[in-house]
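In what follows, a single structure is set out as structure tokens and then discussed.
The values are calculated or read from the model by the stated rules, or taken from the named source; none is laboratory data. Keep in mind that what you see is a predicted model, and the values were worked out from it rather than measured. Every residue, glycine among them, receives a Cβ derived from its backbone with ideal geometry; neighbour counts consider all protein chains shown.
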Amino acid sequence: MSKRDLGIPLQHMLDHAEEAVAMAKDHSRADLDANRQLSLALTRLMEVVGEAANRVPIEIREEIKEIPWAGVVGLRNRLIHGYDEVDHDILWEVVTSDLLPLVEALKAHSSENG
């Protein structure tokens, strides 16, 4: 498998994380409770970020130490398996506070390995 193929999950993480950040940009935390489509969309985007993170080979995970891999995958697992108990406060905090550093780390890795 080529280095480029190994980077596909990283690109999926980046694309979906950027989309979640952009989607949340013009909304408030209260909108997450009031707008089911927003809630479903952000939940799904975060599921994909976590699933893609789970597919990143260990050697690449070790290169990008800034990403809390276990936390990203753990959030995905919580969203999937605890679908009936999604905590919107946590989801909102992740999307509005934690994703930008993740995006920056992924972009930095991409430019280094471009």
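Odds and ends about this structure:
- Subset tally (residues that are in contact (Cβ under 8 Å) with a residue 24 or more places away in the chain and loosely packed, with under 14 Cβ neighbours inside 10 Å) for region 84-103: 3
- Looking only at region 34-85, and only at residues there that are in contact with a Leu (Cβ under 9 Å, 6 or more places away or on another chain) and part of a loop (DSSP other than H, G, I, E, B), the one that is farthest from Ala22 (Cα to Cα): Pro57
- Complete set of residues in region 1-33 that are part of a helix (DSSP H, G or I), farther than 16 Å from Val86 by Cα, among the charged types (D, E, K, R) and over 13 Å from the mean Cα position of the chain (by Cα): Lys3, Arg4, Asp5, Lys25
- Single residue of region 1-55 satisfying the filter (polar (S, T, N, Q) and at pLDDT 95 or above) that is farthest from Ile90 (Cα to Cα): Gln11
- Region 19-37 residues that are without any contact (Cβ under 8 Å) to a residue 24 or more places away in the chain and within 10 Å of Thr96 (Cα to Cα), paired with ones that are loosely packed, with under 14 Cβ neighbours inside 10 Å and acidic (Asp, Glu) (beta carbon under 7 Å, 6 or more apart): none
- Of the residues making up region 44-83, just one is surrounded by 18 or more Cβ atoms within 10 Å (Cβ to Cβ), out of contact with any Asp or Glu (no Cβ under 8 Å at 6 or more places or on another chain) and farther than 22 Å from Glu104 by Cβ, namely Arg78.
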